[in-house]
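The values are calculated or read from the model by the stated rules, or taken from the named source; none is laboratory data. Computed from a predicted structure; not experimentally measured. Neighbour counts run over all protein chains shown; Cβ positions are idealised from the backbone, glycine included. We work out accessible area using only protein heavy atoms, side chains counted, and drop any ligands, DNA or RNA first. Shrake-Rupley method; radii C 1.70, N 1.55, O 1.52, S 1.80 Å.
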Amino acid sequence: MKLDYNHFLEDWNIQFPMLSRYSQTTLFIKAGAAMVGLKLERGPSYKDDYAVFLEIVPLWQKGERFSTLPMFSHILIGAGKTKTCPFQFSNTTHDVYFYKAAVCAKQQFGSLLQETISLESIFKFVDKDIIYTGFNYNIFSLCNILRLKLAFATYFDNIHMIRDVKSLIIQEVNRRQNTRILYANNISVEEWLEKIFSEFDDRDKFMDAINYNTGRYKIARLNDARVINIPYLKVSPPTWLNSQIDCLRFKIHHILD
């Protein structure tokens with residue numbers, strides 16, 4: 001069944017008027033170093049349903065073709081007893097559940113889909129993207145979060161924040177017992193770190209890439225959100241991260257004893 005995306009997007013746009021249509025299934029806003037918005041995709045369970053995702057797309061990417069592949073993508077979930085289940089809509093159920101979903105979307109995504117966005121809100125949102133593998137978190141998921149923070153620190157030319165983020169990335173790599181972390185194509189740790197840092201070492205080229213991309217026809221038509229910089233915002237891993245890991249390690253140690 002063909003989904004009526006035009007009708008769906010109109011409803012979502014009414015709820016988030018700062019967003020502009022970017023494609024047949026997306027609404028975006030420009031927010032400093034990134035685009036932030038909603039994407040409607042076929043639901044993960046049924047091909048005749050759609051689900052809603054909050055996406056963050058980098059604007060500093062280089063190349064002739066602009067990719068909307070997101071750095072972060074979070075699905076809209078329900079509230080109460082359904083808070084772990086994603087909302088899924090069909091042509092017939094969209095109008096029935098839409099307003100309930102819109103309330104949840106404002107609660108979950110609202111701080112990033114408005115005229116003024118605080119940098120702290122962006123950082124808190126992406127901190128949820130930690131991926132766990134076994135009893136530890138995935139170093140690459142954490143570094144992807146810090147990479148976005150490094151991008152915004154570079155965008156605002158915040159020297160203190162740039163230093164803090166780089167230190168954290170190196171710290172998180174070095175704290176691993178197994179230091180042989182490989183990125184794509186079997187490159188070394190040093191090469192992997194250089195690959196991350198080289199994106200932001202030349203701020204002029206970084207800003208040129210953003211300006212070039214924001215000048216593209218489809219992106220230029222989007223509204224601009226005002227991102228509020230916090231000069232002395234402390235950058236650190238999610239506050240619950242180390243305590244949760246320490247707790248897990250304590251439990252394992254206690255069981256083994």
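Is at least one residue of region 202-209 at pLDDT 75 or above, exposed (fewer than 11 other Cβ atoms within 10 Å of the Cβ) and aromatic (F, W, Y)? Before the answer, list the steps.
Here is the first cut: in region 202-209, the residues at pLDDT 75 or above are 202-209.
Still in the running and exposed (fewer than 11 other Cβ atoms within 10 Å of the Cβ): 204.
Now restrict to residues that are aromatic (F, W, Y): none.
For region 202-209, residues at pLDDT 75 or above, exposed (fewer than 11 other Cβ atoms within 10 Å of the Cβ) and aromatic (F, W, Y): absent.
Please determine whether any residue of region 220-235 is at pLDDT 95 or above and part of a helix (DSSP H, G or I).
yes
Which strands (runs of 3 or more DSSP E) does region 18-123 wholly contain that include 3 or more residues that are of a type in the set (V, I, T) and open to solvent by less than 20 Å² (accessible area, probe 1.4 Å)?
Values: elements: 26-31, 34-42, 50-58, 72-75, 116-118.
Where strands (runs of 3 or more DSSP E) fall fully within region 18-123 and carry at least 3 residues being of a type in the set (V, I, T) and open to solvent by less than 20 Å² (accessible area, probe 1.4 Å), they are 50-58.
Looking at the structure I just gave you, is F8 over 21 Å from the mean Cα position of the chain (by Cα) and surrounded by 15 or more Cβ atoms within 10 Å (Cβ to Cβ)?
Yes.
When the residues of region 201-218 are filtered to those that are over 18 Å from the mean Cα position of the chain (by Cα) and hydrophobic (A, V, I, L, M, F, W, C), which remaining residue is nearest to T26 (Cα to Cα)?
The extreme case among them is A209.
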